[in-house]
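Chemist: Take this structure, written in structure tokens, and hold onto it; I'll ask about it next.
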Amino acid sequence: METNRSKKTQAFFYILCIFCIAGLVELALLFNPAFAGPNSEAGCAVDMGIYTHNYSDEITKNHIEPSIAAESGQTVFAMIVAQNVNDLDTYKIEALFDPTRLKFIQGFEENRFEGINNILKKFYGATLGFQAVRQRPGKVIIANTLVDNNRNEAPEGSGVLAILEFETLDANPDNFIWLDSVHFVDSDGNNDAVTKRLRGAVNGSF
């Protein structure tokens, strides 16, 4: 009984933390409307090639795999990649997909075993808490932020924001994952809506 109660308590605090982090990101976006800030020329891409991640600091398709072949019932991973960022402190991303063709399993901040580190930790900053939550069928909200508003810890260049795991539900071509909304906030609270976005595909291409 005590064990079950302890597990329920841990689950409650985990869910509470997710809502707190989401609230902090929403406040950062709400009180800092988008304008031409330091990340107005940044980009964001969906990379379907999880084993190639030696990204260039500028916006480029180098090492960005636009598609991956997969059979129905197969697990695939999509990396969400920030490109050409400056002084990045917080991000919020809305990723969309067809829920009749892809099933969202879970999201990861990074995969250190594969040498994939989250870009927010590039300069040894600590993150408050990564989240990748299914808001509704076909939509995942991704958010993360640095603990401190420290310009020395806020990264520049390109790197991984999230890794999303999916299960394929069919083997037809042109099964897309696209970024409907991307916001980058710097350590001064400047909020930029990122318009340079590349989608990814399972069994398809651009």
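Chemist: What residue, among those in region 43-79 that are at pLDDT 95 or above and under 21 Å from N190 (Cβ atoms), is surrounded by the most Cβ atoms within 10 Å (Cβ to Cβ)?
Modeler: Residue satisfying both the conditions and the ranking: C44.
Chemist: Here is a list of conditions, (1) farther than 20 Å from K196 by Cβ; (2) surrounded by 15 or more Cβ atoms within 10 Å (Cβ to Cβ); (3) at pLDDT below 95, and L102 meets all of them except one; can you say which number that is?
Modeler: Evaluating L102 over (1) farther than 20 Å from K196 by Cβ; (2) surrounded by 15 or more Cβ atoms within 10 Å (Cβ to Cβ); (3) at pLDDT below 95 leaves (3) as the failure.
Chemist: Further question: Among (1) assigned to a loop (DSSP other than H, G, I, E, B); (2) closer than 28 Å to D186 by Cα, where does V133 come up short?
Modeler: (1)
Chemist: While we're on this one: Quick one: would you say L164 is at pLDDT 95 or above, assigned to a helix (DSSP H, G or I) and crowded, with 22+ Cβ neighbours inside 10 Å?
Modeler: Here the answer is no, as L164 does not meet what is asked.
Chemist: Would you mind telling me which numbered condition in (1) within 16 Å of the chain's Cα centre (by Cα); (2) within 30 Å of A70 (Cα to Cα) E167 fails?
Modeler: (1)
Chemist: Based on what the data block shows, is N118 modelled with pLDDT of 95 or more, polar (S, T, N, Q) and on the phi > 0 side of the Ramachandran plot?
Modeler: So N118 does not fit the description; no.
Chemist: Of the conditions (1) more than 19 Å from the chain's Cα centre (by Cα); (2) touching a residue at least 60 places away in the same chain (Cβ under 8 Å), D180 satisfies every one except a single condition; which number is it?
Modeler: (1)
Chemist: If a residue must be at pLDDT below 95 and either small (G, A, S) or part of a strand (DSSP E or B) (or both), how many such residues does region 169-186 contain?
Modeler: Looking only at that region, the number is 2.
The values are calculated or read from the model by the stated rules, or taken from the named source; none is laboratory data. Keep in mind it's a predicted model, so treat the numbers as computed, not measured. Backbone-built Cβ (ideal geometry, glycine too); neighbour counts: all protein chains shown.
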